[in-house]
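Each remark here refers to the structure printed beneath this line.
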Amino acid sequence: MARFKFTPRQIARTGAIAGLYLALTFLFSGISFGPLQVRIAEALTLLPILYPEAVPALFLGCFLANLLGPYGAVDIVFGSLATLLAALLTYRFRHLPLAWLSPIACNALGVSLYLYAFFRIPYWPTVLTIGLGESIAVLAMGLPLLHLLKTRGKQR
């Protein structure tokens, strides 16, 4: 089994990303849950491109947000696992544009599936609405954030 060793800086970054994900989710809670959502915190889902420690951070932040959210155990388990899968795929494909699509696809298809299975919300319309909301968060907010972090990193 592979062992990960994080530096104190990486551990601190993990906590900061998880806390920021949780805070953004609840700061914008009116649009963070349900079949019509733009979870602003999902802009952070591109961070595994730069920081491997963002993978567990995003899972933890999403888990905590869903733990406190309105959908209960279903969202806690399946929503958090969708975010974990998206983060792993984003990290795996970090050198390809496919990394940007991972969180969009995982959340649009995965979240819609469990909303359909457990709450009987129509699947394909929900795929479209969640995919659109995720696209806004990832492409309109996450990509500029990624660019900013890359630019600032080169200046140091």
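Structure data summary
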{"item": "Hits in region 105-156 - residues which are within 24 Å of Arg13 (Cβ to Cβ) and aliphatic (A, V, I, L, M)", "result": "Ala137, Val138, Leu139, Ala140, Met141, Leu143, Leu145, Leu146, Leu148, Leu149"}
{"item": "Qualifying residue in region 132-154 (condition: crowded, with 20+ Cβ neighbours inside 10 Å, under 19 Å from Leu36 (Cα atoms) and at pLDDT below 95)", "result": "no"}
{"item": "Qualifying residue in region 61-78 (condition: out of contact with any helix residue (DSSP H, G or I) (no Cβ under 6 Å at 6 or more places or on another chain), assigned to a helix (DSSP H, G or I) and surrounded by 13 or more Cβ atoms within 10 Å (Cβ to Cβ))", "result": "yes"}
{"item": "Unique match (being closer than 16 Å to Tyr114 by Cβ, without any contact (Cβ under 8 Å) to a residue 60 or more places away in the chain and aromatic (Phe, Trp, Tyr)) among Tyr51, Tyr71, Tyr21", "result": "Tyr71"}
{"item": "The listed residue being in a helix (DSSP H, G or I) and touching a residue at least 40 places away in the same chain (Cβ under 8 Å), out of Leu145, Leu85, Leu113, Leu128", "result": "Leu145"}
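The values are calculated or read from the model by the stated rules, or taken from the named source; none is laboratory data. The model shown is predicted, which means the values in this text are computed figures rather than measured ones. All Cβ positions, glycine included, derive from the backbone under ideal geometry; neighbour counts span all protein chains shown.
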